[in-house]
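Okay, here's the structure, questions in a sec.
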Amino acid sequence: MKNQFSIGEMAKLHNTTIKALRYYDEIDLLKPIHTDVNNGYRYYSTEQFEHLNTIHYLKELGFSLKEIKGHLDHRDIDSFLNLLEEQKRLTEEKIKELTRINHRFQNRIKDIKLARESKELGIPFIKEKEERKIVRLMERISSEPELEVSLRRLESQSKRSSSIFIGGVGLTVSMNDLLINNFTQYNSIFILAEEDDIQGPLVATLPEGMYACIFYNGNHSESPEHYRSLLKFIRDNGFEVSGDSIERTIIDHYISRSKEDYLTEIQIPINC
């Protein structure tokens, strides 16, 4: 059996590309055993099969070609163990981040499904809420452009992106403004923080307790009439407003083109 394989045969046997093998030759990672001086054809031997297998194995583990070359040039067990330990650490960090992202997706899916199942839009109700951690920027907001600028500022200062937080961004109206029926002046913008270990100066909490809530078909521009309805419900039932309201659009034009699908929730903390 021959012990000389063309670059094409080598690529086919190892499920790689001719381009990759040429690059490995250029960077001295895997040089052919023989190169024809007349035509430049590269040839490899079976003795190099394991060398190439090792390259593929280490690439699958996440090592860079530079790291692989460093190991193969020196072949030191201690440095190899250090490489493995570092790659293990990086992999664990990626797993944690993907787990966090998956948790956010689960929460958004749950939000949207629960909201769509709500059959009584525009009707107030009482619900007990657990404490929720948020990243909050205290800032006066009274228009859509100001909202967008404030959200970008919140992302910048907290080093967080809202791209995964569709439905996770909310606004608050101060208790004082609620009591004088000023529903178009928000006093903060926030992002729901779904990691337990989150820290920083912008981290705050939405307190646990009883909330008067309402779902309605629409976005922030339709909120005033629903604030009035919710406050009337609170007064009629002998409750008292105990804090800032929470307003969160769960389904908007970024999720659905149909305005019939738009859905916003208002929550007002109360003393029963």
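The values are calculated or read from the model by the stated rules, or taken from the named source; none is laboratory data. What you are looking at is a predicted structure, and each value in this text was computed from that prediction instead of being measured. Here the Cβ is made from the backbone with ideal geometry for all residues, glycine too, and neighbour counts use every protein chain on show.
Return only the number of the condition from (1) closer than 16 Å to L72 by Cα; (2) in contact (Cβ under 8 Å) with a residue 12 or more places away in the chain; (3) in a loop (DSSP other than H, G, I, E, B) that K31 does not satisfy.
The single condition K31 does not satisfy is (2).
Residues checked against (1) free of Cβ contacts under 8 Å to residues at least 24 places away in the same chain; (2) of a type outside the set (S, T, N, Q):
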| site | (1), (2) |
| --- | --- |
| S45 | no, no |
| F49 | no, yes |
| K59 | yes, yes |
| D76 | yes, yes |
| Q87 | no, no |
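Using the structure shown, decide if L98 is within 26 Å of Q199 (Cβ to Cβ) and touching a Lys or Arg at 6+ places or on another chain (Cβ under 7 Å). Even if it seems obvious, please write down each step before you answer.
Working: within 26 Å of Q199 (Cβ to Cβ): yes; touching a Lys or Arg at 6+ places or on another chain (Cβ under 7 Å): no.
In short, no.
Can you name the residue in the range 254-265 that is in contact (Cβ under 8 Å) with a residue 24 or more places away in the chain and part of a loop (DSSP other than H, G, I, E, B) and, of all such residues, is nearest to K129 (Cα to Cα)?
By that ranking, first place goes to Y262.
A further question follows. What number of residues in the range 62-83 are over 17 Å from D28 (Cβ atoms) and either exposed (fewer than 14 other Cβ atoms within 10 Å of the Cβ) or of a type outside the set (A, V, I, L, M, F, W, C) (or both)? Full working, then the answer.
Restricting attention to the range 62-83, the residues satisfying the condition of being over 17 Å from D28 (Cβ atoms) are 62, 76-83.
Still in the running and either exposed (fewer than 14 other Cβ atoms within 10 Å of the Cβ) or of a type outside the set (A, V, I, L, M, F, W, C) (or both): 62, 76-79, 81-82.
Going through the range 62-83 one residue at a time, the tally reaches 7.
With respect to L202, is the statement that it is surrounded by 17 or more Cβ atoms within 10 Å (Cβ to Cβ) and within 30 Å of E97 (Cβ to Cβ) true?
Numbers: surrounded by 17 or more Cβ atoms within 10 Å (Cβ to Cβ): yes; within 30 Å of E97 (Cβ to Cβ): yes.
Answer is yes for this residue.
Right, another one. Among the numbered conditions (1) modelled with pLDDT under 90; (2) surrounded by 15 or more Cβ atoms within 10 Å (Cβ to Cβ); (3) not acidic (D, E), tell me where Q106 comes up short.
Just one mismatch for Q106, condition (2).
Would you tally the residues in the range 109-128 being at pLDDT 90 or above, surrounded by 14 or more Cβ atoms within 10 Å (Cβ to Cβ) and more than 23 Å from P224 (Cβ to Cβ)?
0
Taking the condition of being surrounded by fewer than 13 Cβ atoms within 10 Å (Cβ to Cβ) and within 15 Å of V173 (Cα to Cα), how many residues in the range 216-265 meet it?
Summing the residues that are surrounded by fewer than 13 Cβ atoms within 10 Å (Cβ to Cβ) and within 15 Å of V173 (Cα to Cα) in the range 216-265 gives 4.
Okay, moving on. Does D28 meet the test of being among the charged types (D, E, K, R) and either modelled with pLDDT of 95 or more or within 26 Å of E86 (Cα to Cα) (or both)? Spell out the reasoning first.
Working: among the charged types (D, E, K, R): yes; either modelled with pLDDT of 95 or more or within 26 Å of E86 (Cα to Cα) (or both): yes.
The answer is yes for D28.
Related question: Would you tally the residues in the range 1-28 being within 41 Å of the chain's Cα centre (by Cα), more than 17 Å from L72 (Cα to Cα) and touching a residue at least 40 places away in the same chain (Cβ under 8 Å)?
Here the count works out to 2.
Take the conditions among the basic types (K, R), touching a residue at least 24 places away in the same chain (Cβ under 8 Å) and within 30 Å of S256 (Cα to Cα) and apply them to R116. Does it pass? Lay out the reasoning, then the answer.
On the way: among the basic types (K, R): yes; touching a residue at least 24 places away in the same chain (Cβ under 8 Å): yes; within 30 Å of S256 (Cα to Cα): yes.
Answer is yes for this residue.
Same structure again: Does L65 satisfy the condition of being farther than 16 Å from F5 by Cβ and not hydroxyl-bearing (S, T, Y)?
Values: farther than 16 Å from F5 by Cβ: yes; not hydroxyl-bearing (S, T, Y): yes.
Judged against the criteria, L65 is a match.
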